[in-house]
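The values are calculated or read from the model by the stated rules, or taken from the named source; none is laboratory data. Everything numeric here is computed off the predicted structure, so don't read it as measured data. For neighbour counting, all protein chains shown are included, and Cβ atoms are generated from backbone atoms with ideal geometry for every residue, glycine included. Ligands, DNA and RNA are excluded from the accessible area calculation, which covers all protein heavy atoms including side chains. Shrake-Rupley method; radii C 1.70, N 1.55, O 1.52, S 1.80 Å.
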Amino acid sequence: MRRNIAALAARLMAEDGIADYGLAKRKAARQLGAPETEALPNNAEIEAELRAYQAIYQEEEQRERLREMRRTAIEVMRLLDSFRPYLTGPVLDGTAGRYAEIELEAFPDSGKEVEIYLLNQGVRFEQNEPRRNGPESPECVLTFDWNEIPVRLSLFEPDAERAQKRRNGRVSERARRSTVEALLALPTA
């Protein structure tokens, strides 16, 4: 049952655009009639199933989408270079699918300076202030489209750059533009 839940959760993430591992596994468990108290798969198991699903059913589409999203991420990171941007999330780890967004993190002296900079560049964005749950929470999140791809820019205090954040139960990976450019240069990226 655990493997079936992981496989269905992966399919829900790939096909329906569910980005939250917890939501995907709970929904999969409900659809399979398994009680949520039963041992649910961990995020690593679901990610493995997601990669397998994408390789079987979405290989070419997912590979092209990932390349396009990484190219776009590089463009946006160039634009935001003075704010020390990092790429994170599914575009970095290679699991970005049809509904994924580019997830960037930046560590400016002030979130307002980023907003003013984007306005001066003609970038239309929406600003959200998430609930603060400690140092791992961004000060604010700016969302906008770049080349018709959604971008989520989380702005943190400068000191947070040195901290390791946890995401989906494990340390969140982050990459500078040079690392993303190297990923894009790989033949399978």
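Restricting to the stretch 24-58, give me the number of residues that are touching a residue at least 24 places away in the same chain (Cβ under 8 Å) and not in a helix (DSSP H, G or I).
Of the residues in the stretch 24-58, 8 are touching a residue at least 24 places away in the same chain (Cβ under 8 Å) and not in a helix (DSSP H, G or I).
Could you check GLU136 against (1) surrounded by 13 or more Cβ atoms within 10 Å (Cβ to Cβ); (2) within 20 Å of ILE149 (Cβ to Cβ) and say which number it fails?
With (1) surrounded by 13 or more Cβ atoms within 10 Å (Cβ to Cβ); (2) within 20 Å of ILE149 (Cβ to Cβ) applied to GLU136, the lone miss is (2).
Have a look at GLU68, GLU47, GLU75 and point out the one that is of a type in the set (D, E, K, R), modelled with pLDDT of 90 or more and either in contact with a Phe, Trp or Tyr (Cβ under 9 Å, 6 or more places away or on another chain) or open to solvent by less than 20 Å² (accessible area, probe 1.4 Å) (or both).
GLU75
Restricting the search to the stretch 85-107, which residues are in contact with a strand residue (DSSP E or B) (Cβ under 6 Å, 6 or more places away or on another chain) and within 14 Å of GLU161 (Cα to Cα)? Outline the logic, then answer.
Of the stretch 85-107, the ones in contact with a strand residue (DSSP E or B) (Cβ under 6 Å, 6 or more places away or on another chain) are 85-89, 91-92, 101-106.
Matches in the stretch 85-107: PRO85, TYR86, LEU87, THR88, LEU104, GLU105, ALA106.
For ALA52, indicate whether it is closer than 14 Å to ASN4 by Cα and open to solvent by less than 40 Å² (accessible area, probe 1.4 Å).
Spelling it out, it is not the case that ALA52 is closer than 14 Å to ASN4 by Cα and open to solvent by less than 40 Å² (accessible area, probe 1.4 Å).
Quick one: in the stretch 1-18, which of the residues that are open to solvent by 10 Å² or more (accessible area, probe 1.4 Å) and hydrophobic (A, V, I, L, M, F, W, C) is farthest from ALA55 (Cα to Cα)?
Of everything passing the filter in the stretch 1-18, MET1 is farthest from ALA55 (Cα to Cα).
Can you say whether GLU105 is surrounded by fewer than 16 Cβ atoms within 10 Å (Cβ to Cβ) and of a type outside the set (A, V, I, L, M), as far as the supplied structure shows?
no
Does GLN121 satisfy the condition of being of a type in the set (S, T, N, Q), in contact with a Cys (Cβ under 8 Å, 6 or more places away or on another chain), at pLDDT 90 or above and open to solvent by 20 Å² or more (accessible area, probe 1.4 Å)?
Judged against the criteria, GLN121 is not a match.
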